[in-house]
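A short write-up of the structure that comes next.
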Amino acid sequence: MKCPFCGQLGDKVVDSRESKEGEVIRRRRECLDCRRRFTSYERIDEIPYMVVKKDGTRERFERQKLIAGLLKACEKRPVSVSAVEGVADRVEAAVQERPEKEMSTEEVGALVMEELKRLDKVAYVRFASVYRHFRDIGEFMTELTDLLNVKE
């Protein structure tokens with residue numbers, strides 16, 4: 001930490017206090033060179049995770065939007081809300097574990113489809129039909145055939 005008075009980099013922390021909400025840490029510091037005291041504040045840098053859409057625009061990754069899509073795919077299926085939340089947790093964790101703060105909608109969709117394929121085949125087909133924008137019944141049938149031929 002650079003001293004605001006003399007510009008030296010050496011200092012020692014004299015006192016640390018967390019804010020009531022726990023979002024900020026206040027540190028009282030003393031410069032090792034000029035011995036003057038100053039205060040610094042630490043807070044978590046919350047850079048949002050972004051999703052890059054097909055047209056190149058970027059928007060924040062929204063867990064609620066993901067859950068809404070999952071609930072729509074799992075509508076009238078024997079899939080519990082906790083299972084849907086589990087899928088959302090795993091997809092969100094995969095987004096957050098990446099070193100870069102951006103992920104394409106194709107990558108997010110592929111993660112969701114892999115999770116749904118294991119969870120419920122009908123929900124998977126519903127999601128895939130919207131996500132992949134099948135141009136004709138042949139593409140849809142190919143996807144169904146591939147799904148039926150998978151050995152589990």
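The values are calculated or read from the model by the stated rules, or taken from the named source; none is laboratory data. In this text, all values refer to a predicted model and were calculated from it rather than measured experimentally. As a convention, Cβ positions derive from the backbone with ideal geometry for all residues, glycine included, and neighbour counts pool all protein chains shown.
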- Message: If I filter segment 79-92 for residues that are of a type in the set (A, V, I, L, M, F, W, C), touching a Lys or Arg at 6+ places or on another chain (Cβ under 8 Å), in the same structural domain as Ser129 (by TED's automatic domain parsing) and within 20 Å of Ala128 (Cα to Cα), do I get at least one hit?
- Response: yes
- Message: I need the full set of residues from segment 92-126 which are surrounded by fewer than 15 Cβ atoms within 10 Å (Cβ to Cβ), farther than 25 Å from Leu144 by Cβ and among the acidic types (Asp, Glu), in order please.
- Response: Glu97, Glu100, Glu102
- Task: From (1) within 30 Å of Tyr124 (Cβ to Cβ); (2) touching a Ser or Thr at 6+ places or on another chain (Cβ under 7 Å), pick out the condition that doesn't hold for Asp55.
- Result: (2)
- Message: Tally up the residues in segment 35-57 that are surrounded by 13 or more Cβ atoms within 10 Å (Cβ to Cβ) and not aromatic (Phe, Trp, Tyr), please.
- Response: 6
- Here are Val91, Val87, Val79, Val95: which of them is of a type in the set (A, V, I, L, M, F, W, C) and more than 15 Å from Lys117 (Cα to Cα)? Val95
- Query: Can you name the strands (runs of 3 or more DSSP E) wholly within segment 1-68 that have at least 2 residues being of a type outside the set (Gly, Ala, Ser) and touching a Gly at 6+ places or on another chain (Cβ under 8 Å)?
  - Reply: none
